[in-house]
Each structure stands twice: as structure tokens, then as C-alpha cells.
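To start, the structure itself, in C-alpha cells.
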Amino acid sequence: MRERFLQKIGRIREYLRLVRQLQPDCQERFATDPIFRGALLHYLYLMADSCIALAKIIIRQKNLRPPQSYHEAIDILGDVGILEPGFAFPLHALPDSATSWSMITKWLTPKPSARTSSAALTP
């Protein structure tokens, strides 16, 4: 169990390192380069998925009730004080379905007339 826990933390750190490398000119490149956009969204997805997997490992190790959804895994850790409630509970606002990534992509992708504007990424 400890090995899987450490492995997930290592993956999260690696994805975070990769996302930080994509930061320079991120807004412009996200708006104009579909490969860049796909890479960024992929690494963000992998990071989020690893966090949920890490939460599930902790839940199993602590013999807590099994989560029925992604955000419930975070809620459970907030309920028992492993995560601060101020962090855990606002995540309810996030969508909990396969369509969430397409919604995020739609929100982040600027309208064609605003591609060069820095305000293009504002919802």
C-alpha cells in the first residue's frame, strides 16, 4: 500500500513539473496550438486522476466508507479531517462526469474573433 501511495505522489509531482514547463506563453499557445492544448489538458487530467486515486488509497487504508463518485472521495477525506473542509467541500462545484473535460476545453478555448486577446480565456 505504501509503495502505491508513494508512486501516486511521484506521478503527481511529475505531471506538475510538466505542466509548469508549459506555462510560458500558455494563453497564446493554448488558443492557437491544438497539440499544446491537448498536452496541457492531458497532463491536468492525469494529475486530477492521480489525486483521486491517492484519495481512494487513503480511504481504503483508513477503512472509510467507499466513495460513489470522484468528488465524494475528496468529501470523505474532508469529513474525517484528513483534508481541510475549506479545500474539500468547494470541489462539489466541479462536474463529475466524462463530459467535464469537454466542458473545460470549451470554456478555455477562445472564440475565433478573440484569439489574440488575453481576455479570450475569461469565461
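What follows is calculated from the coordinates using simple rules that are stated; it is not laboratory data. What you see is a predicted model, and the numbers here were worked out from it, not measured in a lab. Positions of Cβ are generated from backbone atoms using ideal geometry, with glycine treated the same way; all protein chains shown enter the neighbour counts.
Just to check I understand the Karplus step: with θ = phi - 60° and J = 6.51 cos²θ - 1.76 cosθ + 1.60, what whole-Hz values come out for the stretch 73-82, glycine and proline as x?
Here the 3J(HN,Hα) series is 4, 6, 4, 4, 5, x, 4, 9, x, 6 Hz.
Equivalent ellipsoid semi-axes for the stretch 1-74, as square roots of 5 times the alpha carbon gyration tensor eigenvalues: give them largest first, rounded to whole Å.
Result for the stretch 1-74: semi-axes of 30, 14, 7 Å.
Mind sorting F87, F30, F5 by how few other Cβ atoms lie within 10 Å of their own Cβ, fewest first?
Final ranking by Cβ density, sparse to dense: F87, F5, F30.
Specify which residue in the list L41, I57, Y15 is farthest towards the positive end of the charge dipole of the stretch 1-64, using unit charges on the beta carbon of Lys, Arg (+1) and Asp, Glu (-1), about the Cα centre.
Most positive-ward Cα: I57.
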